[in-house]
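**Q** Okay, handing you the structure first.
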Amino acid sequence: MAASLVFRLHDRGPEVVREVLLERGWEEYDQKEREEEDWNLYWRGSAFRNSEYHNLLPWQRLNHHPKTIGITRKDCLARNLRRMRATFGSALYDFSPTAFILPNHYTRFLSEYNNLRVTRGPSVYWICKPVDLSRGRGIFIFEDIKDLVYDCSVIVQHYISKPLLISGYKFDLRIYVCVKSFHPLTVYIHQEGLVRFATEKYNLSSLRNLYAHLTNTSINKFGPFYKAAKGRVGQGCKWTMSKFRHFLHSQDINELLLWQRINNIVTLTLLAIAPSVPSCPNCVELFGFDILVDVTLKPWLLEVNYSPALTLDCQADITVKRGLISDLIDLMNYTLSDSMRERACWRHGYKRLCFRAKRSSHVPTPPVLSKFEVTKIQKRRSGGQSQTLPLIKTLRQPEKMNQRQSRQHASGADYQRRLPPVDSNQIYATRGRLANETHRDKTLNLIFGPCSRTVVNRRTCPALAPHRSLCVSEVTSHDDAETEAETERSGEADASCSIRDTPHRELGFRRSKLPNIDSGSHGAVMERTPGLSGQHNPPLRVGDFIRTFPFNATTLRASRHELDVKVVIKELHKLTAQLATPGERLRREEEEVKKETDGEDFDALLWGPKDPPLLSQCFKPT
Ligand code: ADP
């Protein structure tokens with residue numbers, strides 16, 4: 001039967017998410033028409049409630065992990081990065097401007113302010129930002145402390161006063177980061193971010209001119225020069241990342257080190273919270289990292305957005321955000337069985353029994369629904385879909401369940417893909433052949449799961465077929481499809497503010513009973529690493545999402561079970577040193593790494609360049 005996946009958008013959600021999903025053949029959740037659990041993806045701009053994580057069913061996905069406020073609120077980010085700096089050294093955690101949370105750290109700030117006045121003179125600039133506002137609201141820049149006036153909790157940060165300019169205009173980079181899983185940590189960065197420009201020329205003698213100093217679109221689109229042609233920047237205030245790459249090439253700027261540094265910033269920032277985020281399978285998170293590049297090409301982290309804006313203001317937005325959402329859906333790894341929600345009640349009831357049975361080691365039987373439940377389903381189905389009757393029968397007559405089902409239940413494999421096993425040699429032979437080919441998929445989507453393969457036909461299962469060009473070897477697998485949709489608030493908001501009141505709760509997630517969409521149990525396309533036998537590696541790329549963590553065999557191992565932050569940081573050090581150090585030392589370090597990871601063939605791509613090379617190629621000594 002043709003699969004349809006169902007999404008829910010909270011508060012009508014971002015329109016681009018609706019458009020992309022409808023185009024892919026999904027259906028929108030309608031409370032009046034559907035059961036409460038009858039959805040696959042729930043998307044919202046603000047935080048989910050505790051109970052929503054706890055009640056998540058195997059075919060459902062949420063677009064937020066719990067407890068990520070540690071990096072998405074300005075004061076929490078400042079606090080966490082300070083802690084990491086104290087533990088792992090300021091040489092590594094030197095990518096965010098020094099920040100003070102006021103009023104709490106006023107004395108510290110005062111002492112730093114006075115020190116700098118003595119050592120560097122008056123030309124040190126500061127920026128003051130309310131901790132729980134976004135979109136540039138309430139921000140001002142000052143040089144003299146007498147101009148610092150605030151009536152709410154703020155952070156005061158060193159102002160990066162020498163930013164890289166294009167035709168005299170300041171800009172920052174919006175990098176889209178998807179954390180597919182915190183346990184094990186699995187991170188993807190999208191190739192197509194945005195470059196956001198100020199709309200008046202940068203000038204330190206007019207600190208009050210927000211059109212010159214802030215790069216928020218929400219501010220600049222109302223600026224008097226928004227529509228004017230502005231040198232190389234052109235009209236408007238946004239570029240795609242591709243255009244920015246062209247610019248770098250035209251200036252003979254070596255971009256590799258810049259991308260690798262941004263990559264490191266993302267990883268190091270996530271490491272600050274990863275150990276404390278509860279494991280919540282079937283959640284993904286799309287963060288917006290704001291990066292400012294200074295004249296020396298050093299990238300600085302300004303903030304991390306919890307719900308990056310998804311409004312479509314201009315052509316650059318359309319190009320970037322539509323592709324981004326489409327790739328994100330592919331990354332969520334929906335599979336055929338996820339779409340079988342009409343059997344949700346049956347599965348749900350069965351699942352409970354199954355888990356009880358695990359403890360008592362009895363073969364579980366499917367649940368017998370109450371008369372009320374059966375009537376409810378019949379009522380919902382009236383309109384006469386032919387599937388209804390057999391379903392109800394199955395529900396009412398568990399004893400007639402066939403042997404195969406019983407076996408599945410007994411093994412607790414209720415969500416396993418029902419697909420023919422495939423010879424893994426065949427998979428890898430095919431992968432090898434296709435690894436470097438990019439396909440504009442027309443009718444087929446090849447899906448490689450760890451132990452099975454299926455072909456999704458776009459005509460019969462439109463919702464499961466990827467819609468963008470994908471490297472076949474890296475396409476998400478779709479044999480157990482399932483999603484939920486939830487609304488996101490206004491797409492306009494970078495909604496770090498929306499979680500202002502989220503209490504710090506102890507969330508007891510560790511729901512081993514749910515298949516993790518990252519673990520392969522849901523059929524994600526995994527690579528196999530011979531040296532780590534039996535373990536499946538997350539795909540290198542999905543659409544324009546490039547996997548940036550784990551980036552080698554050591555970090556893969558360090559991210560399994562309890563995340564070993566120290567080991568990861570050591571590896572990041574090595575990687576950066578390799579990029580910056582040519583010649584003999586690099587060769588020796590490479591040999592050292594090779595010895596450590598002997599036999600473990602784990603490749604990673606360098607995020608950033610349009611056609612990303614393998615990291616191992618980048619670091620080959622010439
Ligand atoms: P908001 O959440 O309100 O957008 P941000 O921290 O992103 O707050 O700051 C808004 C804008 O201010 C940024 O896009 C950037 O242009 C500018 N900005 C913020 N912090 C700094 C800084 N430390 N140095 C220079 N410019 C900054």
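**Q** When the accessible area of segment 49-169 is computed with all protein chains present and a 1.4 Å probe, what percentage of it is carbon and sulfur?
**A** Roughly 51 percent, rounded to a whole number.
**Q** How many percent of the accessible area of segment 197-321 is carbon or sulfur, using a 1.4 Å probe?
**A** Percent of accessible area from carbon and sulfur atoms in segment 197-321: 56.
**Q** Ok, one more. Taking all protein chains together and a probe of 1.4 Å, list Tyr334, Tyr150 from the most accessible to the least accessible.
**A** Tyr150, Tyr334
**Q** With N set to the number of residues, divide the alpha-carbon radius of gyration of segment 5-130 by 2.2 N^0.38 Å and report two decimals.
**A** Compactness ratio reported: 1.62.
**Q** Further question: Which value, in Å², gives the accessible area per residue of segment 33-122 when a 1.4 Å probe is used on the protein heavy atoms?
**A** Counting only protein heavy atoms, the per-residue value for segment 33-122 is 42 Å².
**Q** So what are the ³J(HN,Hα) numbers for segment 315-325, from phi and the Karplus equation (6.51, -1.76, 1.60; θ = phi - 60°), rounded to whole Hz, Gly and Pro as x?
**A** Here the 3J(HN,Hα) series is 4, 4, 4, 4, 4, 6, 6, 5, x, 4, 5 Hz.
**Q** Please compute the Kirkwood hydrodynamic radius of segment 160-235 from all pairs of different C-alpha atoms, in Å with one decimal.
**A** Evaluated on segment 160-235, it is 13.9 Å.
**Q** Tell me, what ³J(HN,Hα) does each residue in segment 144-149 have, in order and in whole Hz, if you take phi through Karplus 6.51 cos²θ - 1.76 cosθ + 1.60 with θ = phi - 60° and put x for Gly and Pro?
**A** Once rounded to whole Hz, the list reads 9, 4, 5, 8, 7, 10.
**Q** So for segment 215-255, what percent of the C-alpha to C-alpha distances run longer than 13 Å?
**A** Details: 481 of 820 pairs.
More than 13 Å apart: 59 percent of the Cα pairs in segment 215-255.
**Q** Quick one: putting +1 on the C-beta of Lys and Arg, -1 on the C-beta of Asp and Glu, what dipole do you get for segment 134-179 around its Cα centre, in Debye to the nearest 20?
**A** Working: 6 positive and 5 negative charges, 53 e Å.
Computed about the Cα centre, the dipole is about 260 debye.
**Q** Output needed for segment 218-281: three equivalent-ellipsoid semi-axes, defined as square roots of 5 times the C-alpha gyration tensor eigenvalues, in descending order, whole Å.
**A** Numbers: eigenvalues 223, 84, 14 Å².
Semi-axes from the Cα gyration tensor: 33, 21, 8 Å.
**Q** Please give the length that would be gained between Asp11 and Tyr106 if that part of the chain were fully extended, namely 0.36 nm times their separation in residues minus their C-alpha to C-alpha distance (nm, one decimal).
**A** Result: 30.3 nm gained on full extension.
**Q** Can you list residues from other chains, or at least 5 along the same chain, whose modelled amide H is less than 5 Å from the amide H of Val6?
**A** Under 5 Å from the amide H of Val6: Glu27, Asn40, Leu41, Thr483.
**Q** At q = 0.19, 0.23, 0.26 Å⁻¹, what base-10 log of I(q)/I(0) does the Debye formula yield for segment 263-347 when every alpha carbon is treated as an equal point scatterer in vacuo?
**A** -1.12, -1.25, -1.30
**Q** When the scattering of segment 1-49 is computed by the Debye formula from its Cα atoms alone, each counted once and equally, what is log10 I(q)/I(0) at q = 0.21 Å⁻¹?
**A** Summing over Cα pairs of segment 1-49 leads to -0.75.
**Q** In Å and from the alpha-carbon atoms only, list the Rg and Dmax of segment 49-95.
**A** 15.7, 44
**Q** Also, quick follow-up: Calculate, in nm to one decimal, what Leu297 and Leu614 gain on full extension: separation in residues at 0.36 nm each, minus their alpha carbon distance.
**A** 111.8 nm
**Q** Same structure again: Give me, ordered by chain and number, the residues 5 or more places off Lys170 or on other chains with an amide H under 5 Å from its own placed amide H.
**A** Amide H to amide H, under 5 Å and 5 or more residues apart or across chains, Lys170 pairs with Ala198, Tyr202.
**Q** What is segment 104-234 by shape, rounded, prolate or oblate, if you read a ≥ b ≥ c off the alpha carbon gyration tensor as root eigenvalues and call it rounded for a/c under 1.5, prolate for a/b larger than b/c, and oblate otherwise?
**A** oblate
**Q** Computed over the Cα atoms, what is the radius of gyration of segment 61-146 divided by 2.2 N^0.38 Å, N being its residue count?
**A** The reported ratio for this selection is 1.27.
**Q** Need one number: nm distance between label points at Asn55 and Asn209, each 7 Å from Cα along Cα→Cβ, rounded to one decimal.
**A** 5.4
**Q** Pairs Lys129/Lys221; Lys74/Lys238; Lys298/Lys566; Lys32/Lys180; Lys74/Lys162; Lys129/Lys566: which exceed 30 Å Cα-Cα?
**A** Checking Cα-Cα distances, Lys32/Lys180; Lys129/Lys566 exceed 30 Å.
**Q** Return a whole-number percent for the relative contact order of segment 62-209, with Cα pairs under 8 Å and 6 or more residues apart as the contact set.
**A** Values: 170 pairs, mean separation 27.5, N = 148.
With pairs under 8 Å counted, the relative contact order is 19 percent.
**Q** Rounded to the nearest 0.05, what FRET efficiency do Ala228 and Gln251 give with R0 = 25 Å and r taken as the Cβ-Cβ distance? Could you check?
**A** Computed FRET efficiency for Ala228 and Gln251: 0.60.
**Q** Taking the C-alpha atoms of segment 88-137, how large are the radius of gyration and the largest Cα-Cα span, Dmax, in Å?
**A** 13.0, 34
The values are calculated or read from the model by the stated rules, or taken from the named source; none is laboratory data. Just so you know, these numbers come straight off a predicted model, no measurement behind them. Every residue, glycine among them, receives a Cβ derived from its backbone with ideal geometry; neighbour counts consider all protein chains shown. The accessibility values were calculated without ligands, DNA or RNA, using every heavy atom of the protein model including side chains. Shrake-Rupley method; radii C 1.70, N 1.55, O 1.52, S 1.80 Å.
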